[in-house]
Amino acid sequence: MSVAGSFPGFAGRPPGPAMDREEADRALARLGAEHEAIETSLLALQDHAGRRLLEGAELSGVTRERWAATERSITLLWGYFDAYAGALEEARDIRARRRHPSREDLAALTELLRGEAVTVANPDAAPPPSAAVPARLSERFSLQELVARMNELYARSLDMVVASDSVWSALPARIDLLAAELHRTRSLAHSVGVRPGEHPAGDDLEEITEELATLRVQVISDPLAFWLPGPGSAAPGGGRPDTSRYDRAARALEDVRREIEAVLAVRQDAEARLMRLRDVLSRADRTLTEARAARGEVLAKIAASEVPAVSGPPTALQERLAAAAEYRRRAQWHRLSPLLEALEQEAEDELLRARESLTSVTAPLAIRAELRGRLDAYKAKVARHGLAEDPLLIERYDAARRMLWSAPCDLRVAEQNVLRYQQAAAELLTPRPPEGSGGPTGSAEPEDRRGDRGETR
C-alpha cells in the first residue's frame with residue numbers, strides 16, 4: 001500500500017520584522033496546505049496494511065525491537081501534529097479577530113509563525129540522576145523545526161513498516177507454494193518407497209520440511225531479519241527481501257524431485273531391464289561354457305601350448321540379479337534403481353571377460369586352422385601350375401599335413417613344415433633363366449632340392 005511521502009517543508013523565515021497582512025495571509029495559506037498534507041500522510045501510515053499486521057503479530061528479534069521504537073515514534077508524531085495543528089488554529093484565531101489586523105496582532109502572528117512558539121512535552125524525559133541535572137520535560141520548536149522533526153520520524157517509521165510488509169508480501173506466500181509442492185513430492189516419494197531412514201532422498205525431504213516450517217515461523221515473527229536494505233537508498237522501504245534460505249530449500253526440493261522421477265522411470269522399465277540383464281548374463285555363461293569345452297579340446301589336440309584356465313559362472317551377479325527381482329516384486333524401487341545401474345555395467349563387463357577368455361583359449365586352434373588354410377592354399381596354387389605331382393612337394397605336403405591333422409599337434413613343428421612346403425613351392429614357381437646365359441643349366445637341380453631328396457620325416 002503506497003503512503004504519501006515526507007511532509008512539505010516549512011518555507012517561513014526566522015523571526016524578524018513583523019509581517020504585514022498579506023505576508024501573514026500567505027503564510028497561513030501555506031500552513032493550511034501543510035496541515036492537510038501532514039494529516040493525509042499520518043492517516044495513510046495509520047491505515048497501512050503493514051502497520052496493522054505489525055500491531056497484531058507476535059513479533060520477535062530485531063522486528064520486535066524496531067516496532068517498539070516505531071510505535072513510540074508514531075505516538076510522538078501525532079503529538080507533534082496536534083501541537084502543529086494547535087499553533088495553526090491559534091494563528092487563525094488571531095487573524096480572524098479583525099479584517100485589518102493591528103500591529104499587536106501582526107507581531108503575535110510573526111512570533112507564532114516564525115519563532116520558537118510551539119511547546120511540546122518531551123516523552124523521553126526521565127527523573128534526573130541528581131538535582132544538578134534538571135530533566136527536560138518539554139521542548140520548544142518553530143513550525144519549521146517541528147515539520148523537520150516530523151519528517152524524520154515519519155521516514156523512519158514508514159521505512160520499518162514498508163520493509164516488514166514487503167517481506168510478508170513476498171516470502172510467506174512463496175513458502176506456502178513450495179510447501180504444497182513439497183507435500184506432492186513427499187506423496188510421490190512414499191509411493192515408490194522413498195522414506196526417511198531408508199533412502200537419502202527421504203532424509204532430504206524431512207530436512208526440507210523442517211526448514212520450511214522453521215523459515216515460515218521466523219519470517220512471520222521477525223520479517224526484518226529477512227530484509228536487505230538497498231545501498232544508498234534513502235526512500236522508505238529501499239531494499240529487497242532476503243530469499244537465500246528459501247532459494248536453497250527450493251533447489252534442494254528440485255534435486256529430490258529429479259531423483260524421484262528417476263526412481264519412477266525405474267519402476268516403468270524395470271521388467272525390461274531385468275530381462276536384458278538375464279540375457280546378458282546368460283550369454284556370458286554360455287560363452288564361458290564354450291570356453292571350458294574349447295580348453296578341453298585344445299589340451300587334447302594341441303601339444304606344448306599354454307592354455308589359460310577358465311573361470312566359473314558369475315554366481316555373485318546371479319545372486320544380485322535375484323535380489324533385484326525381489327526388490328521389484330516388493331516395489332522397493334528406491335533400492336532397485338542403484339542396483340540395476342550397477343548390475344548393467346557389471347554384466348557387460350562379465351560378458352566381455354567371457355568373450356576374451358574364449359578368444360584366449362581357442363587361440364591355438366585358430367593358429368592351427370590358419371596353418372591348414374595356408375597349406376591347402378599353396379597346394380592349390382602349385383596344382384594350377386601343373387606341379388602337383390612333384391615328388392618333393394608331395395613329400396613336404398604330406399609331412400605338414402600329418403602334423404596338422406594329428407593329435408596332439410605340435411604347432412611349432414607344424415609351422416616349420418608348412419614353411420618348408422612354401423619354400424619348395426616358391427622355388428619351383430620362380431622362372432629360370434634360359435640355357436647358355438651363364439646361369440645353371442635347365443637339367444641341373446638346385447643344390448637345396450638335391451639335398452632334400454633324401455630327407456624323410
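The values are calculated or read from the model by the stated rules, or taken from the named source; none is laboratory data. Owing to the predicted nature of the structure, the values given are computational and were not obtained by experimental measurement. When we count neighbours, we look across all protein chains shown, and the Cβ atoms used for this are built from the backbone with ideal geometry, even at glycine. When the accessible area is computed, the model is the full protein with side chains, heavy atoms only, and any ligands, DNA or RNA have been set aside. Shrake-Rupley method; radii C 1.70, N 1.55, O 1.52, S 1.80 Å.
Within the range 265-276, residues that are closer than 15 Å to Glu346 by Cα have Cβ atoms under 8 Å from residues that are at pLDDT below 80 and assigned to a helix (DSSP H, G or I) in these pairs: Arg273/Val266, counting only partners at least 6 apart in sequence or on another chain.
Every test in (1) assigned to a helix (DSSP H, G or I); (2) surrounded by fewer than 18 Cβ atoms within 10 Å (Cβ to Cβ) is passed by Ser166 save one, and that test is (2).
Within the group Glu65, Glu58, which residue is open to solvent by 40 Å² or more (accessible area, probe 1.4 Å), under 30 Å from Leu215 (Cβ atoms) and not in a helix (DSSP H, G or I)? Steps first, answer last, please.
Details: Glu65 fails: not in a helix (DSSP H, G or I).
Unique residue meeting the criteria: Glu58.
Run down Glu297, Glu346, Glu356, Glu319 and say which single residue is within 30 Å of Leu411 (Cβ to Cβ), without any contact (Cβ under 8 Å) to a residue 60 or more places away in the chain, of a type in the set (Asp, Glu) and open to solvent by 60 Å² or more (accessible area, probe 1.4 Å). Give the derivation first.
Details: Glu297 fails: without any contact (Cβ under 8 Å) to a residue 60 or more places away in the chain; Glu346 fails: within 30 Å of Leu411 (Cβ to Cβ); Glu319 fails: within 30 Å of Leu411 (Cβ to Cβ).
On inspection, the qualifying residue turns out to be Glu356.
Screening Ser311 against (1) in a helix (DSSP H, G or I); (2) touching a residue at least 40 places away in the same chain (Cβ under 8 Å); (3) open to solvent by 30 Å² or more (accessible area, probe 1.4 Å); (4) closer than 30 Å to Leu365 by Cα leaves a single unmet condition, (1).
Is it the case that Ile367 is more than 58 Å from the chain's Cα centre (by Cα) and among the β-branched types (Val, Ile, Thr)? Steps first, please.
Details: more than 58 Å from the chain's Cα centre (by Cα): no; among the β-branched types (Val, Ile, Thr): yes.
Spelling it out, it is not the case that Ile367 is more than 58 Å from the chain's Cα centre (by Cα) and among the β-branched types (Val, Ile, Thr).
The number of residues in the range 177-198 being in contact (Cβ under 8 Å) with a residue 12 or more places away in the chain, in a helix (DSSP H, G or I) and within 23 Å of Arg328 (Cα to Cα) comes to 4.
It is to be established whether one or more residues within the range 205-216 are in contact with a Leu (Cβ under 8 Å, 6 or more places away or on another chain) and modelled with pLDDT under 85. No, every residue in the range 205-216 fails to be in contact with a Leu (Cβ under 8 Å, 6 or more places away or on another chain) and modelled with pLDDT under 85.
Residues that are open to solvent by 30 Å² or more (accessible area, probe 1.4 Å) and either in contact with a helix residue (DSSP H, G or I) (Cβ under 8 Å, 6 or more places away or on another chain) or free of Cβ contacts under 8 Å to residues at least 24 places away in the same chain (or both) within the range 70-85 comprise Glu71, Leu76, Trp78, Asp82, listed in sequence order.
Arg335 passes every criterion in (1) over 30 Å from Glu211 (Cα atoms); (2) at pLDDT below 85 apart from (1).
For the range 225-243, the condition of being polar (S, T, N, Q), over 30 Å from Glu111 (Cα atoms), assigned to a helix (DSSP H, G or I) and open to solvent by less than 60 Å² (accessible area, probe 1.4 Å) holds for none of the residues. Evaluate the following for Leu277: is it closer than 30 Å to Leu352 by Cα and either open to solvent by less than 40 Å² (accessible area, probe 1.4 Å) or part of a loop (DSSP other than H, G, I, E, B) (or both)? So Leu277 fits the description; yes.
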